[in-house]
Amino acid sequence: MFEAITRLFNKPENALSDHDPKLAVAALLVHLASVDGQANEAERRAIKGALMDYYSLDEAAVDQLMEQAALRDAEAVDFYKFTSALSSLEAKDRIEIVRMMWMVVFADSKNHELEDNMVWRVAELIGVSSRDRTILRNQIGKAEQA
């Protein structure tokens, strides 16, 4: 309990809210990169690139966002904390989140079953259809193989 109180008062002034979609997306991507037991450099680069492109952030801002995301991910017990912040976004934004997830999955040219399962669960929780999820998987998987 003391640790939780200490963390509460030691949060940086510019820390993002748990309900901030950028933080939620970053936390999901950070978790996804390590869900197969190993986060490699290609996956980290994919996360940085996706966050920089989609949110128009510079490298320093993305590094800070990923650091906060890793902390939030370590504290989380499930995906609900993050997906609840995303399920109210517009459909195109939710589809883009799933696209970013597939980019991380295929960054190392492998699709581990745990990664696939996580993308499926998150897509379901944020309201992206199985059809859209599968189309995105096929598009990103083929693009990474080319």
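What are the principal axis extents of the Cα atoms in region 88-146, in Å, biggest first?
Dimensions of region 88-146 along the principal axes of its Cα atoms: 33, 21, 17 Å.
Please work out whether region 50-109 counts as rounded, prolate or oblate from its C-alpha gyration tensor, where a ≥ b ≥ c are the square roots of the eigenvalues and a/c under 1.5 means rounded, while otherwise a/b larger than b/c means prolate and anything else oblate?
Working: a/c = 1.29, a/b = 1.03, b/c = 1.26.
Rounded is the answer for region 50-109, as its axis ratio a/c remains below 1.5.
DSSP loop (so not H, G, I, E, B), at most 15 other Cβ within 10 Å: list which trypsin sites (Lys or Arg not before Pro) in region 89-136 pass both filters. Display every interim value, and only then the final one.
Numbers: sites: LYS92, ARG94, ARG99, LYS110, ARG121, ARG131, ARG133; in loops: LYS110.
Of the trypsin sites (Lys or Arg not before Pro), the ones in loops of region 89-136 whose Cβ has at most 15 other Cβ atoms within 10 Å are LYS110.
At 1.4 Å probe size, with the rest of the protein present, what percent of the exposed accessible area of the chain is carbon and sulfur atoms? Walk me through the intermediate numbers first.
Numbers: 4390 of 8320 Å².
Reported share for carbon and sulfur atoms: 53 percent.
So what is the calculated 222 nm ellipticity per residue for the chain, using -39500 (n - 2.57) for each DSSP H run with n of 4 or more, over all residues, to the nearest 500 deg cm²/dmol?
Taken over the chain, the calculation gives -22500 deg cm²/dmol.
What list of ³J(HN,Hα) values in whole Hz, one per residue of region 109-114 in order, does the Karplus curve 6.51 cos²θ - 1.76 cosθ + 1.60 (θ = phi - 60°) give from phi, with Gly and Pro shown as x?
So the Karplus estimates, Gly and Pro as x, are 6, 10, 10, 5, 4, 5 Hz.
Could you report the chain's accessible area per residue, 1.4 Å probe, as an integer in Å²?
On the way: 8320 Å² over 146 residues.
Roughly 57 Å² per residue, with all protein chains present.
Where does the chain land on Rg(C-alpha)/(2.2 N^0.38 Å)?
1.02
What is the extension gain from GLN64 to MET52, computed as 0.36 nm multiplied by their sequence separation minus the C-alpha to C-alpha distance, in nm to one decimal?
Details: separation 12, 0.36 × 12 = 4.32 nm, distance 1.18 nm.
Taking 0.36 nm per residue and subtracting the Cα distance, the gain is 3.1 nm.
Within the chain, which is the longest segment that contains none of the GluC sites (Glu not before Pro) sitting in a DSSP loop with at most 10 other Cβ atoms within 10 Å?
On the way: sites that count: GLU13, GLU90.
Excluding the exposed sites themselves, the longest stretch runs over 14-89.
If the cut-off is a Cα-Cα distance under 22 Å, which lysines reach LYS110, setting aside same-chain residues fewer than 8 apart in sequence?
Correct list for LYS110: LYS48, LYS142.
The values are calculated or read from the model by the stated rules, or taken from the named source; none is laboratory data. Computed from a prediction, not measured in an experiment: that's the story for all the values here. Using ideal geometry, Cβ is built from the backbone for each residue, glycine included, and neighbour counts are taken over all protein chains shown. Note: accessible area is taken over every heavy atom of the protein model, side chains too, but ligands, DNA and RNA are not part of it. Shrake-Rupley method; radii C 1.70, N 1.55, O 1.52, S 1.80 Å.
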